[in-house]
Structure formats: C-alpha cells, structure tokens
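Right, one structure below, let's go through it.
The values are calculated or read from the model by the stated rules, or taken from the named source; none is laboratory data. Keep in mind it's a predicted model, so treat the numbers as computed, not measured. Glycine gets a Cβ as well: all are built from the backbone with ideal geometry, and neighbour counts include every protein chain shown. Areas reflect the complete protein model, heavy atoms only, side chains present, ligands, DNA and RNA absent. Shrake-Rupley method; radii C 1.70, N 1.55, O 1.52, S 1.80 Å.
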Amino acid sequence: MDFTIGPAQPEHLGMLRAIELAAFETLRDAGAVTGQACASSLEDLSDFSRNGLLLAAWTPDSVPVGFAAGKVEDRWLHVAEIDVHPDWQRHGIGRRLMQALLCAGQQRGLAGATLTTDSMAAFNARFYTTLGFNIVEGHARPPHLANLNAEEIAKGFNPARRAVMWLTF
C-alpha cells in the first residue's frame, strides 16, 4: 500500500471525523464499544493540530485514510486517538501513524507516551504492546492517566475492560 504520513491539514478535519466514526463500527463489531458512534470535535482536532500532534495518512491522491492525535500531559505524550478507516485497516497504516506520533514525542524530549484502550478487543492492547507499551496499574500510573481513567469510567466505560498503558522513551 502506498500512503504518506504527515501533519493533518485544517481542510481535512471533517474527513478525519468521518474516519473516526467509521472506525467506531470496527470497535463495535469487536464488542469494545456500544451506543451511538461519536467522534472528536472539530475544536479538539484543531487543538491537536495547532500543537503539532495531529498526523494523518493519505493515499497518493491526497485522501486521508487514518489519523493519530496526541497531546502533552505533564512530561508525557498522551495518545488521545488513532483511527484508520475500515477499508484501509490491516495495511500497516496504524503502526506507521503511531511510530510517527511517538517520534514527535521523543523529539520534544518527553518522558514517554501514554494511552488508554479497551483491553478485550483483540487488536487494541496487543497492538500497542508490539510498539513497546506496557500496562501500568495503581500508583505507578502518572497522575494524568489516573485522572483520565477515572473520567472514562465516569462516562460509562467498563472499568474491567480498560487498559492503561505507557511507554518510556
């Protein structure tokens, strides 16, 4: 597959939301989510972009097919979202997006990267483990991760399914 990874452009934000909504259905099929599909707001995507941590994958004809979004929390890159359109999944796009986002965090001199994910969807936690992430529990979690995990549970996420992960640079 031929695709390019680079900073997302403002004119693509609506298409990135559409990718996130389509990818939601992959998660639904895996039992990782229920309810109505939701996507990052245009404001959130703009914030990720403004901070230089919104990367997209494009086809040769400049159509976005995936994206990864991060933000700096304390001294950590927090991976807030990564989605690849279902038609383009299983072609290494997600891996390349994550590698590029992690590289951006390293270049900023951050301590490492963090994320939360569904632990029971076969392609989530296992995928992140192949990139070097490990599950972190209890008091070992950085404060921002403990707070985020609590927010997710308050929003209705099943705590038994949530994995809190980190990778040190």
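Things to note:
- Protection proxy ranking, highest mean first, for peptides 48-60, 65-77: 65-77, 48-60, where packing is the per-residue count of other beta-carbon atoms within 10 Å, averaged.
- For segment 74-117 and segment 138-160, distance of Cα centres in Å: 19
- Charged-residue dipole, Cβ positions (Lys, Arg, Asp, Glu), the chain about Cα centre, Debye nearest 20: 480
- Accessible surface of the chain [probe 1.4 Å, protein heavy atoms]: carbon and sulfur percent: 51
- Volume per residue of the C-alpha convex hull in segment 1-90, rounded to whole Å³: 109
- Zone of Q106's modelled label, taken as backbone nitrogen in segment 129-169 under 20 Å from a point 7 Å along Cα→Cβ: 129-135, 165-169
- For the chain, a Kirkwood radius taken over Cα pairs fed into Stokes-Einstein (37 °C, viscosity 0.692 mPa s) yields D = 204 µm²/s.
- Size descriptors for segment 76-169: radius of gyration and Dmax over Cα atoms are 13.3, 40 Å.
- Count Lys and Arg as plus one, Asp and Glu as minus one, and take only other residues whose Cβ is under 12 Å from that of L53; the net charge is then -1.
- Long-range HN-HN contacts of R162 with modeled amide H, under 5 Å: S119
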